[in-house]
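Inspection log for the structure reproduced underneath, given as structure tokens.
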Amino acid sequence: MWSNLPSDLLANIFSLLPPDSLARASSSCRHWHTCAKAYPLSTASNNLAWFLAMPIQRNHTLLSCYLHNPILNNWHALSLDFLPDPVRLVGPIGSLVLIRPTISTFLQLAICNPFTRQFRHLPMLNITRTKPAVGVVMVLDSTQSVLFPCFKVFVAGGMSEAEAPRRGATYEPTLEMYDSRRDTWQIVGPMPVEFAVRLTVWTPNESVYSKGVLYWITSARAYSVMGLEIGTNTWVELNVPMAEKLEFATLVRRNGVLTLVGGICGGEACLWELVEGYNWRLVEKMPIEFGIRFLGSKTSWGSTKCVGSDKAIYLYRDLRSGMVVWREVVDKGKWEWFWVEGCCSFGGKQVQTLPIKGVLLQPSLAPSWIP
Amino acid sequence: MASSSTSVVVSNKEKENKNTKKVTLKSSDGESFEVDESVAMESQTIKHIIEDGHYSSLALSLSVKTTMASSSTSVVVSNKEKENKNTKKVTLKSSDGESFEVDESVAMESQTIKHIIEDGCANNEIPLPNVTSGILSRVIEYCKKHKEAAGESEPSVTSYTSNSTTNPLTEWDTEFVKVDQNTLFDLILAANYLDIKGLLDLTCKTVADMMKGKTPQEIRETFHIKNDYTPEEEAEVRKENQWAFE
């Protein structure tokens, strides 16, 4: 009976399942297996994003990454043996991950889906450069976003190779853009040199796209935010509240709004929202008990990292330490704080204290069309 | 309508309508409600007033505060009034030949039926060759309940995905889907064919919930699915999503 359910209805049911349940359901018979792979309905509205922790290891091919299931609050290990080269995580693109092979100092980018084990290099940039800022903009097309991901990648700044032996490397004041629909890079135009310098020197973190502007934050004090207005190719710079006192600062997007998460020296972790006129408004403070538990024996927020999706913000350090999560609880329509235990052991074996880079991903078990 | 602390004034208006004898109920703040006498007599209090004949030209004032059964008198009138007004009906015919007469507004919870009616193809009966009478009667029950609920509050209440803690239909929906698998299966197909989003969402979610947290073998047992993999093939498939099995 159930094996005769029309595929589109079965796919409708599958789209309501979290990825671990879907993975098991799809293994039950051929028809269900085919359906799970062929009809990847956009699950963004039904399912929560999962936290994926990529260990940061220099020049070694990563063996596994670790996934946290927000519903059952447990960890999974996902093999990364399908990656041909050692990589570093750049950022999420819906259900894909943007990565950077580390074998080359010049920027090359690739995308992968750790669930379907798909991997593909993006074409080479027009201008070779090292350590530029990379930003991702999802092109909102909800019906196709899983099967045919539509996105743009912006690369700004970086250092270009020396043209002559004496000249030495220079900052590359140009902006390039990759469009997934055309699978090509094009040079968008020039950019102010001071922004190119800042973006290169301070090794910016994951970009945040909000309301037509792509933002990056500098990686150290005194923090400031740089923004690229996509439509007009103009740059802005914003001050950051308590810029001198923050021990860590990250940008995330919360319900479409640019949000700054920061830890005050000797104080709490706070969240500010960008409001009209490029002003910041304090919206939340991490409850003290979570802060104490998170910091443990450490006295500063210095090693804190943070990622966000529109509906959740995760603060983390390394793989074994716990995480503090601020997430929207759908049934209650409000945001609450949670503690998440770190990943300490796996399959009976102790997990090393690895430094990690985290990303929030919409898991998809269906292969995307990656040309 | 009349609030619980008003007094009720009853007067007779026989002259207007020969067929349906009506009475007018007047609330303390001066608003008049003309209703069928039969409807008004749902209230025992009003029934006695009418039967005793104490109402002609003299307005008899009932202080609702002084009677115990005050709050129940006003509600009945409104429901029946709604029913008597504008009830255009359609007949739906199941695959096994049974006919169901329903309010047009209820039937239009189905987008499929709505289009048939709007296209003017309804005539007397709308045949539904894909739906048996057993399933059709359940579907109608669902549509009636959700239409009623929509009528009493904002339209968004009928959306299945609305906040479950405040949605009064959630409990009713939960009971509604407590059926055997065959019925559930048929309800999904019917909701899809008739294009009733709320019912489709409800039934699909029920099935999804039955799948959550189960191993493939447990899923096969629950849904009576034959494992058509060889042991080698099954190992391959599990390997694809190895992480979910650890």
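The values are calculated or read from the model by the stated rules, or taken from the named source; none is laboratory data. Keep in mind that this is a model prediction, so the values were computed, not measured. Note that we place each Cβ from the backbone using ideal geometry, even for glycine, and neighbour counts take in every protein chain shown.
Filtering segment B:199-217 down to residues that are at the interface with chain A (Cβ under 7 Å from one of its Cβ atoms) and not in a loop (DSSP other than H, G, I, E, B), which residue is surrounded by the fewest Cβ atoms within 10 Å (Cβ to Cβ)?
Per the criteria, the residue is B:205.
For residue A:342, state whether it is at positive phi, without any contact (Cβ under 8 Å) to a residue 40 or more places away in the chain and not β-branched (Val, Ile, Thr). The answer is no for residue A:342. With the condition kept exactly as written, say whether any residue in segment A:245-266 is part of a strand (DSSP E or B) and exposed (fewer than 14 other Cβ atoms within 10 Å of the Cβ). Within segment A:245-266, none of the residues are part of a strand (DSSP E or B) and exposed (fewer than 14 other Cβ atoms within 10 Å of the Cβ). Inspection of segment A:362-370 finds no residue satisfying the criterion of being surrounded by 15 or more Cβ atoms within 10 Å (Cβ to Cβ) and aromatic (Phe, Trp, Tyr). Filtering segment A:264-279 to residues that are farther than 15 Å from residue A:236 by Cα and touching a residue at least 40 places away in the same chain (Cβ under 8 Å) leaves A:269, A:271. With respect to the conditions (1) part of a helix (DSSP H, G or I); (2) away from chain A (no Cβ under 14 Å); (3) over 12 Å from the mean Cα position of the chain (by Cα); (4) at pLDDT below 90, residue B:170 lacks only one, and its number is (2). Take the conditions assigned to a loop (DSSP other than H, G, I, E, B), touching a residue at least 12 places away in the same chain (Cβ under 8 Å) and of a type in the set (Val, Ile, Thr) and apply them to residue A:353. Does it pass? The answer is yes for residue A:353. Taking helices (runs of 4 or more DSSP H) as the structural unit, those lying wholly within segment B:52-130 and holding at least 2 residues that are at pLDDT below 50 correspond to B:71-84. For segment A:291-320, filtering for residues that are surrounded by fewer than 21 Cβ atoms within 10 Å (Cβ to Cβ) and polar (S, T, N, Q) leaves 4. Looking at segment A:130-140, can you tell me whether even one residue there is in contact with a Cys (Cβ under 8 Å, 6 or more places away or on another chain), at pLDDT 90 or above and under 29 Å from residue A:212 (Cα atoms)? No: segment A:130-140 contains no residue that is in contact with a Cys (Cβ under 8 Å, 6 or more places away or on another chain), at pLDDT 90 or above and under 29 Å from residue A:212 (Cα atoms). Applying the selection to segment A:297-318, what residues are charged (D, E, K, R), at pLDDT below 90 and closer than 18 Å to residue A:341 by Cα? Residues satisfying the conditions are A:298, A:318.
Residues that are out of contact with any Phe, Trp or Tyr (no Cβ under 6 Å at 6 or more places or on another chain) and part of a loop (DSSP other than H, G, I, E, B) within segment A:218-244 comprise A:220, A:221, A:222, A:223, A:230, A:231, A:232, A:233, A:242, A:244, listed in sequence order.
Residue B:178 passes every criterion in (1) charged (D, E, K, R); (2) more than 30 Å from residue A:63 (Cβ to Cβ); (3) in contact with a Ser or Thr (Cβ under 7 Å, 6 or more places away or on another chain) apart from (3). Looking across segment A:96-128, the residues that are β-branched (Val, Ile, Thr), within 17 Å of residue A:86 (Cβ to Cβ) and surrounded by fewer than 18 Cβ atoms within 10 Å (Cβ to Cβ) come down to A:102, A:103, A:105. Residue selection: residue A:67 satisfies the criterion of being within 8 Å of chain B (Cβ to nearest Cβ), within 23 Å of the chain's Cα centre (by Cα), at pLDDT 85 or above and over 25 Å from residue B:232 (Cα atoms).
Set side by side, the residues A:52, A:83 differ, and just one is of a type outside the set (Gly, Ala, Ser), touching a residue at least 24 places away in the same chain (Cβ under 8 Å), surrounded by 17 or more Cβ atoms within 10 Å (Cβ to Cβ) and not in a strand (DSSP E or B), which is A:83. The residues in segment B:218-239 that are in a helix (DSSP H, G or I) and within 8 Å of chain A (Cβ to nearest Cβ) can be counted, and the count is 6. For segment A:72-102, the candidate set comprises residues that are within 22 Å of residue A:48 (Cβ to Cβ) and not hydrophobic (A, V, I, L, M, F, W, C); within that set, the residue that is nearest to the other protein chains (Cβ to nearest Cβ) is A:76.
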